[in-house]
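K.L.:
Mind having a look at this structure? Questions to follow.
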Amino acid sequence: MARKAPERLTMLAVALAAFAVFSVTPVPALLAQPEPTTAEGWREIWRDNDRPQDERNRAAEIGCDRFNDGPSCLRRGTVAAIFREDHALQYRYYSAACRNDMAGGCYRKGELQYKGLGTEKDLNWALIAFDNACRMGEPMGCKWKERILPEVRASLASQPAATPPTFRPAPAKPATPPALDMEDYGAIIARLEQVTTLTAVGSITCDEIRRRTGEGGAWSRTEEARLWNAADRVDYRAGKTACNRVPRAFATQIEKENLAARPQANPVPQSTYSSCDSTCQREKTIRDNTPRRCWVSNGRRICNK
């Protein structure tokens, strides 16, 4: 018995050491594996039912946060709902699943928005979420959409009409006329008719207008003068009649100057006597029976003595 005791103690120590190495304190280096580099790799981890729940949840979080994987986001939101985790966490992952075209995520997101769990209650956004779920083929989304639609309409009808915003109108930009072909007589005259009224003048007035609108002339800097002078040059080569398309303002100004320079006719004398006309001859004074004479004053004929 004395000999067997040390052997039993040795065997017991070896068994305890093996148990400690292989089951109690696992070595991380032996169990460590490289992380997946794709969303599908993380899906395989959270789909493995033999793995611990925490590890599967962590794999779903990574697949959602790093790769925007819709199934991973929906999985994490569903687990949070099953284990009654924070509603804000549920809303976060259901919203991410909805953004990645998961119908179930849109439906659950709309349900949380309708009830005001994990986010602010908003009937309009809940209706939009249910509508998206319905369009993606989720029957519950269609059911809830029809259910809350009257409630949303009543809520909108009870709200006061929003005042439309007022915007300061932008300053009008000056219209830039298209480039004008200065060799096209018809185009020049058409532009000239847009800026002024045209009339026909005689050759003497036309020559005076040519002199004043030419280079160094008194009217050469105006737009009308520039256009008409260009039309006159084209008219000289093409044989057209620019003198029949003259700005009326030019013709009127020259006519006024000509009238002012024209000598006046002999003025009618302020008072003259002439033989009386038949009307004045018949008029006589009652007292001395004296015939009337014609009194012309400022061009008017007046019967007088």
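The values are calculated or read from the model by the stated rules, or taken from the named source; none is laboratory data. For clarity, every value in this text was computed on a predicted model and none was experimentally measured. We place every Cβ from the backbone using ideal geometry, glycine too, and count neighbours over all the protein chains shown. Quick note on the areas: whole protein, heavy atoms, side chains included, nothing else; ligands and nucleic acids left out. Shrake-Rupley method; radii C 1.70, N 1.55, O 1.52, S 1.80 Å.
K.L.:
Return the FRET efficiency for the residue pair Thr197, Lys115: r is the Cβ-Cβ distance, R0 is 45 Å, and the value is rounded to the nearest 0.05.
P.N.:
Values: r = 75 Å, r/R0 = 1.68.
So, using R0 = 45 Å, E works out to roughly 0.05.
K.L.:
Please work out whether segment 52-95 counts as rounded, prolate or oblate from its C-alpha gyration tensor, where a ≥ b ≥ c are the square roots of the eigenvalues and a/c under 1.5 means rounded, while otherwise a/b larger than b/c means prolate and anything else oblate? Mind dumping the intermediate values first?
P.N.:
Values: a/c = 2.09, a/b = 1.15, b/c = 1.81.
Oblate, since a/c reaches 1.5 and b/c is not below a/b.
K.L.:
Still on this structure, please answer the following. Can you give the FRET efficiency for Ser155 and Arg99, using 1/(1 + (r/R0)^6), R0 = 22 Å, r = Cβ-Cβ distance, to the nearest 0.05? All intermediate terms of the calculation are to be shown ahead of the outcome.
P.N.:
Numbers: r = 26 Å, r/R0 = 1.16.
Calculated transfer efficiency: 0.30.
K.L.:
For segment 43-116, report the % of Cα-Cα distances exceeding 22 Å. It would help to have the intermediate numbers written out before the result.
P.N.:
Working: 401 of 2701 pairs.
The share of Cα pairs beyond 22 Å in segment 43-116 comes to 15 percent.
K.L.:
Here's another thing I want to ask about it. Could you give the length gained by full extension between Arg226 and Arg211, i.e. 0.36 nm per residue of separation minus their alpha carbon distance, to one decimal place?
P.N.:
Working: separation 15, 0.36 × 15 = 5.40 nm, distance 1.25 nm.
Going from the current span to full extension adds 4.2 nm.
K.L.:
Mind checking the per residue accessible area of segment 57-134 for me, 1.4 Å probe, whole number of Å²?
P.N.:
That works out to 47 Å² per residue.
K.L.:
Around Trp219, what is the net charge, scoring Lys/Arg as +1 and Asp/Glu as -1 over all other residues with Cβ under 10 Å from its Cβ? Provide the component values of the computation, followed by the final result.
P.N.:
Details: positive: Arg211, Arg212, Arg221, Arg226; negative: Glu224.
Net charge around Trp219: +3.
K.L.:
What's the extension gain from Arg84 to Asn258 if we count 0.36 nm per residue and subtract their Cα-Cα distance? Don't jump to the answer; show the numbers that get you there.
P.N.:
Numbers: separation 174, 0.36 × 174 = 62.64 nm, distance 10.40 nm.
Here the segment from Arg84 to Asn258 would lengthen by 52.2 nm.
K.L.:
If I model a spin label at Gln53 and Met136 as a point 7 Å from the Cα along the Cα→Cβ vector, what separation in nanometres do I get?
P.N.:
Between Gln53 and Met136, the simple spin-label model gives 2.5 nm.
K.L.:
Can you give the local net charge around Ala251? Use residues other than it whose beta-carbon is closer than 12 angstrom to its beta-carbon, Lys and Arg +1, Asp and Glu -1. Before the final figure, lay out each step's value.
P.N.:
Values: positive: Arg212, Arg245, Arg248, Lys256; negative: Glu208, Glu224, Glu255, Glu257.
Net charge around Ala251: 0.
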